[in-house]
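The values are calculated or read from the model by the stated rules, or taken from the named source; none is laboratory data. Just so we're clear, the structure is a prediction, and the values are computed from it rather than from any experiment. Here the Cβ is made from the backbone with ideal geometry for all residues, glycine too, and neighbour counts use every protein chain on show. These area figures cover heavy atoms from the full protein model, side chains too; ligands, DNA and RNA do not enter into them. Shrake-Rupley method; radii C 1.70, N 1.55, O 1.52, S 1.80 Å.
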Amino acid sequence: MDEVRIQQKRRPSADEAIAMDRRRKSVSDKLITGASQITMRQSIIPVALVTILFFLWGFAYGLLDVLNSRFQVALDISKGQSSGLQGAYFGAYFIGPLTYSGWFVRRFGYRYTFMLGLIIYCIGALMFWPSAVKRSFGGFCGSMFIVGSGLSTLETSANPYIAVCGPPRWSEFRLELSQSFQAVGSVVAPVLASYVIFKNVGTDGKSLESVQWVYLGIAAFVFLLAIVFYFAPLPEITDADMADQAEQTTAATGFKDKPFRKQHTLFWGVLAQFSYVGAQVAIAGYFINYYEQARPDLNAITAQHQGANFYAIAQALFAIGRFSAAGLMYFTKPRWILLTYQTLIMLFIICAITVNTGGANAPNWGGVATLMLVLFFESCIFPTIFTLSLRGLGRHTKRGASFLVSSVSGGAVVPAILGNVADKVGTRTAMVIPLVFFAIAWSFPIYLNVYKGKELDAYRDTPVGGQQNETKSDLNAAGVLTEKGVEARGFEVA
């Protein structure tokens, strides 16, 4: 912080930060680049480029459940064995952000972390080919772990980058809007998989040739995207920038720089995120089983087929919910929206457990409808917890983001608990498991609204990034900072 305060005497402008991105070199995390001051207009291109990544891992996640059912038939494995794919995918989220990817983004910056994540994703996608040739489920789990490692690396960099790239008052709005395209990818992937990608599976349903070609195509696209990100205009935002921004924004509210171990709001947010993601994945994974139990008038095969269609509708509601929440965040406080949506989740999951409008031979449409509404109100929770947990972290922003991304590993824990309970008491009653975890997550917005409202509202009201603080000296005719200007302004490019 002493180094930050020395640099604050001559804070670079946003234009200088944008000019620096053309050098494509890593920047010291202790250097104020001025990127935390960029305006909404200046942030449009970088945010749009990174939003492509959100669609990419939404598409990958959307294929996950389809691959589960595909492998059950093609490789003659049980439902329990097929859940190994989820374990591999979400297990990678626990390991990567807390080890190599968290260190990498602090050492080399956002641009090169994007490229690293895409390259790891590319390698994992390529590994699907030999796994399909050998018809090895263990190979597929290993490939999915590598894919999850790449995607967790992308999330370690993309989520905080969207949150901090632009005026801080629109942080939640930006991430919510970008995450909306992730939800679109999750809807598009299973539809394409069912009707186009995995349509030709042989007369016995055991062909894996389509899996080989799909992931080969994904690998080629991801590799090209890594090249695009090398040349993309992405201003680097350092932890020093975030420390500077935190002091500018919340000094009037009594902001004090604290060591990482005392960032209690962050750790509460990590617990809430772990609980929420675990409950969300559990409900998604057992939605079709819930529908099957709610339709005693249908045979198991017909119920599963119809349940898949209703799940697609529920996923579409999830995507619509994200866009609606993003719109609301443009006009009102994100902490209010988070509390409202999580309260409604609690209400409708309780209804999904207790309501039974059917009977021994009649469908329980009330329970199905309330469970679908749970998915609608789940929509905004992840990105909103993420951004509100990062508020005020300053120089700890990148490390805090790594912890928040690692909390996605809750998706490997809660579904396993729900599945074992459902085997004993039925899926509808077993929904009490995600209810418990939703209750833990619900405590976070209550805490924010009661104790942190003033500090969070300071970010909502700040003028930082609202207008350009442009300086024209040392700029060429095109408005680009010259090499001489870079040296004159004291930039230390690592």
remark   = Checked Y230, Y215 against criteria (assigned to a helix (DSSP H, G or I) and modelled with pLDDT of 85 or more); the one match is Y230
message = So the check is Cβ under 6 Å with 6+ separation or different chains; which pairs have a first residue in segment 125-140 that's more than 16 Å from A88 (Cα to Cα) and a second one that's of a type outside the set (A, V, I, L, M) and surrounded by fewer than 20 Cβ atoms within 10 Å (Cβ to Cβ)?
response = W129/Q212; A132/Q212
task = Report whether or not A183 is open to solvent by less than 10 Å² (accessible area, probe 1.4 Å), farther than 29 Å from E247 by Cα and part of a helix (DSSP H, G or I).
result = yes
task = Taking F323 as the residue in question, decide whether it is in contact (Cβ under 8 Å) with a residue 40 or more places away in the chain, open to solvent by 20 Å² or more (accessible area, probe 1.4 Å) and touching a Ser or Thr at 6+ places or on another chain (Cβ under 6 Å).
result = yes
query = Only one of Y161, Y110, Y100 is among the hydroxyl-bearing types (S, T, Y), over 27 Å from W213 (Cβ atoms) and open to solvent by 30 Å² or more (accessible area, probe 1.4 Å); which?
reply = Y100
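If you take the residues in segment 434-476 that are among the basic types (K, R) and under 16 Å from R391 (Cα atoms), which one is modelled with the highest pLDDT? Reasoning before the result, please.
Step one: list which residues in segment 434-476 are among the basic types (K, R), which gives 452, 454, 460, 472.
If we keep only those that are under 16 Å from R391 (Cα atoms) too, we end up with 452, 454, 460.
Numbers: K452: 87, K454: 83, R460: 73.
Here the residue is K452.
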query = Using beta carbons and a limit of 9 Å, which pairs, at least six apart or on different chains, have the first residue in segment 379-400 and within 11 Å of N159 (Cα to Cα) and open to solvent by less than 20 Å² (accessible area, probe 1.4 Å) and the second one among the acidic types (D, E) and assigned to a loop (DSSP other than H, G, I, E, B)?
reply = K398/D29
task = Working only within segment 410-436, note down all residues that are surrounded by 24 or more Cβ atoms within 10 Å (Cβ to Cβ) and under 19 Å from G148 (Cα atoms).
result = G410, G411, V414, P415
Number of the condition not met by G367 [criteria: (1) assigned to a helix (DSSP H, G or I); (2) open to solvent by 30 Å² or more (accessible area, probe 1.4 Å); (3) over 30 Å from P168 (Cβ atoms); (4) not aromatic (F, W, Y)] = (2)
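Yes/no matrix, rows are residues, columns are (1) at pLDDT 85 or above; (2) in a helix (DSSP H, G or I); (3) basic (K, R):
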position: L63; (1), (2), (3): no, yes, no
position: V66; (1), (2), (3): no, yes, no
position: R70; (1), (2), (3): no, yes, yes
position: Q86; (1), (2), (3): no, yes, no
position: A92; (1), (2), (3): yes, yes, no
position: F104; (1), (2), (3): yes, yes, no
position: G139; (1), (2), (3): yes, yes, no
position: G148; (1), (2), (3): yes, yes, no
remark   = Across segment 388-402, the tally of residues that are among the β-branched types (V, I, T) and either within 11 Å of the chain's Cα centre (by Cα) or not in a helix (DSSP H, G or I) (or both) stands at 0
request  = Residue by residue through segment 326-355, note down the ones that are small (G, A, S) and at pLDDT below 90.
outcome  = A326, G327
message = Among the numbered criteria (1) at pLDDT 85 or above; (2) buried (at least 19 other Cβ atoms within 10 Å of the Cβ), which one does L224 miss?
response = (2)
ask   = Assuming Q280 fulfils every condition listed in (1) modelled with pLDDT of 90 or more; (2) over 29 Å from the mean Cα position of the chain (by Cα) apart from one, which condition is it?
value = (2)
key: Residue list for segment 262-273, filter: surrounded by fewer than 24 Cβ atoms within 10 Å (Cβ to Cβ), in contact (Cβ under 8 Å) with a residue 24 or more places away in the chain and assigned to a helix (DSSP H, G or I)   = T265, L266, F267, W268, V270, L271
task = With the checklist (1) open to solvent by less than 10 Å² (accessible area, probe 1.4 Å); (2) among the basic types (K, R); (3) in contact with a Leu (Cβ under 7 Å, 6 or more places away or on another chain) in hand, flag the one item R335 doesn't pass.
result = (1)
